[in-house]
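Report on the structure given below.
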Amino acid sequence: MSYGIKRVFLLTCCLACSWSGLEAKIDLQVVRQWKKLEFNFPSDATRKTAIEKRFYVPGKCVPIDMDFHDRQDAQKSRIFVTIPRFGEGCPVTLGTVDDQGHITGYPDYSWHDNQGKNCKGLTSVYRVAIDKCNRLWVMDAGKIGSKQHCPPQLLAFDLSSDRLVYRHVVNASNYVSTSLLITPVVDVIGTSDNCKDTFVYVADALGFGILVVDVANDRSWRVTHRFMYPYPSHGSFKINDDSFDLMSGVFGMALSPYQRGRDRYLYFHALSSTTENIVSTKVLRNDSFLQNPNAEPRSIKVLPGERPNQSAAEAMDRNGILYYGIMDPPSIWCWNSATEFSPRNFHQIAVNRETLQFASGVKVVNNRKGEQELWVITSRFQKFLKGTIDSKAVNYRIHAAKIPNLFACSSCPNSPKSPHIPTKPVIPNTEFLDETLECDDLLEV
């Protein structure tokens with residue numbers, strides 16, 4: 001962001017802050033947007049064949065998640081996007097987005113041209129995660145619609161070469177017939193020079209559990225708990241004028257920042273809920289779950305307080321700030337994990353009924369300068385569910401913003417600490433705000 005643009009941005013923020021009792025609400029920058037998804041094919045003949053076989057039905061695909069790979073060398077940075085196969089018509093389920101918004105299958109088209117008939121390829125990817133070891137982790141649910149074509153599998157690609165470096169096929173004992181494994185959260189134990197010592201925690205939205213993958217030993221186990229189930233009282237959703245019902249369990253997940261010598265915490269919540277839960281990763285890494293998925297029921301806690309309504313995805317930055325979307329009104333919020341999980345500590349940082357509907361993917365990205373950025377993908381998913389998508393309107397957007405800019409006039413990093421926090425909190429470090437222009441200084445220009 002140039003100095004001039006930053007000045008305009010902060011002037012807008014400061015004017016908003018001048019209204020007593022209000023925090024600034026910002027529009028995130030739209031990086032990519034689509035009325036309907038467009039794809040790149042290896043050839044015109046391939047595209048024609050995909051249409052004839054109904055592997056590609058324009059307008060039938062919905063992006064759910066994304067991640068941003070900001071390369072350190074001269075190579076161009078990449079935006080990854082996932083397109084789960086809710087049914088027929090999606091030629092690829094994971095791809096990169098070019099400047100024109102066209103999606104190219106990753107790592108190449110041959111991984112996708114199978115529609116569930118080749119379990120060595122990719123069947124249906126819901127979410128991805130890039131770790132500090134420069135690996136792209138991909139959770140393939142193995143389902144097209146409700147049919148389990150292939151076993152779920154967790155894959156990792158080396159982003160330097162785009163070669164597959166790890167594949168874990170989930171054992172049948174670790175998922176149930178209704179399982180939908182969607183959200184991978186990657187925990188590299190210790191420093192990035194020991195990348196093999198990695199655990200991946202995966203949300204099972206419809207099997208109501210968490211899959212734990214021990215990468216070093218190539219094994220996994222299932223963890224279940226009542227907090228991973230949907231709350232029936234929160235199974236009805238409202239986004240603007242659209243109402244719909246979903247009974248989804250554990251969905252959004254985020255890891256607390258790495259601190260030397262301390263275990264991290266996994267935050268998670270069910271989509272059909274308004275609560276947030278927490279568990280030490282030390283508990284999840286305990287292989288006693290191999291014998292009993294409900295081995296430590298008292299080690300998983302629910303935080304006090306509730307969101308105003310449902311939330312899908314979430315992510316936490318290195319200072320312990322949690323970011324998440326809210327369904328109604330469509331908006332992005334933050335919460336300082338050093339404070340009590342309570343409405344008085346929830347801060348709205350962006351709201352837009354048109355552009356921020358159903359934030360299904362939220363990521364905190366470290367750019368090549370070491371700065372943190374917030375990336376969000378939104379969609380009119382509720383209209384897709386109801387069959388009322390308007391192909392003439394913009395339906396899908398990827399947004400981004402530098403995190404310090406989001407906090408120019410927000411109380412989130414400086415929320416008062418609570419003496420009643422039920423867990424060991426991460427005390428946020430707000431030194432990164434020192435480089436941001438002060439509102440008073442800007443108004444003097």
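The values are calculated or read from the model by the stated rules, or taken from the named source; none is laboratory data. Small disclaimer: the values here were computed from a predicted structure and weren't measured. FYI the Cβ positions are ideal-geometry reconstructions off the backbone, even for glycines, and counts take in every protein chain you see.
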Quick one: count up the residues across segment 267-289 that are part of a loop (DSSP other than H, G, I, E, B) and modelled with pLDDT under 95.
-> 2
Collect the residues in segment 344-369 that are farther than 16 Å from Ile403 by Cβ and part of a loop (DSSP other than H, G, I, E, B), keeping them in residue-number order.
-> Asn352, Arg353, Glu354, Thr355, Leu356, Gln357, Phe358
Failed item in (1) in contact with a Ser or Thr (Cβ under 6 Å, 6 or more places away or on another chain); (2) at pLDDT 90 or above; (3) assigned to a loop (DSSP other than H, G, I, E, B), with Asp390 passing the rest = (1)
Tally of residues being at pLDDT 60 or above and in a loop (DSSP other than H, G, I, E, B) across segment 410-424 = 3
Has segment 143-153 got any residue that is of a type in the set (A, V, I, L, M, F, W, C), closer than 20 Å to Asn114 by Cβ and out of contact with any helix residue (DSSP H, G or I) (no Cβ under 6 Å at 6 or more places or on another chain)?
-> yes
Can you name the number of the only condition in (1) closer than 27 Å to Tyr258 by Cβ; (2) surrounded by fewer than 21 Cβ atoms within 10 Å (Cβ to Cβ); (3) touching a residue at least 12 places away in the same chain (Cβ under 8 Å); (4) among the polar types (S, T, N, Q) that Asn174 fails?
-> (2)
Any hit, segment 234-256, residues being of a type in the set (Ser, Thr, Tyr) and touching an Asp or Glu at 6+ places or on another chain (Cβ under 6 Å) = yes
Single match in Asn395, Asn405, Asn366 (criterion: surrounded by 15 or more Cβ atoms within 10 Å (Cβ to Cβ), within 12 Å of Asp317 (Cβ to Cβ) and not β-branched (Val, Ile, Thr)) | Asn366
Checking Ser233 against (1) touching a strand residue (DSSP E or B) at 6+ places or on another chain (Cβ under 9 Å); (2) of a type outside the set (D, E, K, R); (3) exposed (fewer than 14 other Cβ atoms within 10 Å of the Cβ), which single condition isn't satisfied?
-> (1)
Residue identified as more than 16 Å from Ala203 (Cβ to Cβ), under 22 Å from the mean Cα position of the chain (by Cα) and surrounded by 17 or more Cβ atoms within 10 Å (Cβ to Cβ) among Ser280, Ser273 | Ser280
Is it the case that some residue within segment 153-171 is of a type outside the set (A, V, I, L, M), at pLDDT 95 or above, in a loop (DSSP other than H, G, I, E, B) and buried (at least 22 other Cβ atoms within 10 Å of the Cβ)?
-> no
Given the structure, is Asp140 crowded, with 23+ Cβ neighbours inside 10 Å and among the charged types (D, E, K, R)?
-> yes
Qualifying positions in segment 246-256 - at pLDDT 95 or above, surrounded by fewer than 20 Cβ atoms within 10 Å (Cβ to Cβ) and touching a strand residue (DSSP E or B) at 6+ places or on another chain (Cβ under 8 Å) = Leu255
Flag for Ala312 being modelled with pLDDT of 95 or more and either surrounded by 22 or more Cβ atoms within 10 Å (Cβ to Cβ) or on the phi > 0 side of the Ramachandran plot (or both) | yes
Quick check, is Ser192 surrounded by fewer than 20 Cβ atoms within 10 Å (Cβ to Cβ), at pLDDT below 95 and not in a loop (DSSP other than H, G, I, E, B)?
-> no
Filtered residues of segment 185-213 (kept if more than 21 Å from the chain's Cα centre (by Cα) and touching a residue at least 24 places away in the same chain (Cβ under 8 Å)) | Ser192, Cys195
Across segment 212-244, what is the number of residues that are in a strand (DSSP E or B) and within 24 Å of Tyr175 (Cα to Cα)?
-> 8
Just name the residue that is nearest to the chain's Cα centre (by Cα) out of those in segment 101-117 that are surrounded by fewer than 17 Cβ atoms within 10 Å (Cβ to Cβ) and modelled with pLDDT under 95.
-> Asn114
Would you check which residues across segment 321-351 are touching a residue at least 60 places away in the same chain (Cβ under 8 Å), hydroxyl-bearing (Ser, Thr, Tyr) and buried (at least 24 other Cβ atoms within 10 Å of the Cβ) and list them?
-> Tyr324, Ser337
Count of residues meeting criterion [part of a loop (DSSP other than H, G, I, E, B) and not β-branched (Val, Ile, Thr)] in segment 290-325 | 21
Return the pairs, sorted by first residue and then second, in which the second residue is hydrophobic (A, V, I, L, M, F, W, C), the first residue lies in segment 49-67 and is part of a helix (DSSP H, G or I), the beta carbons are less than 8 Å apart, and the residues are 6+ apart or on different chains.
-> Thr49/Phe55; Ala50/Phe41; Ile51/Val57
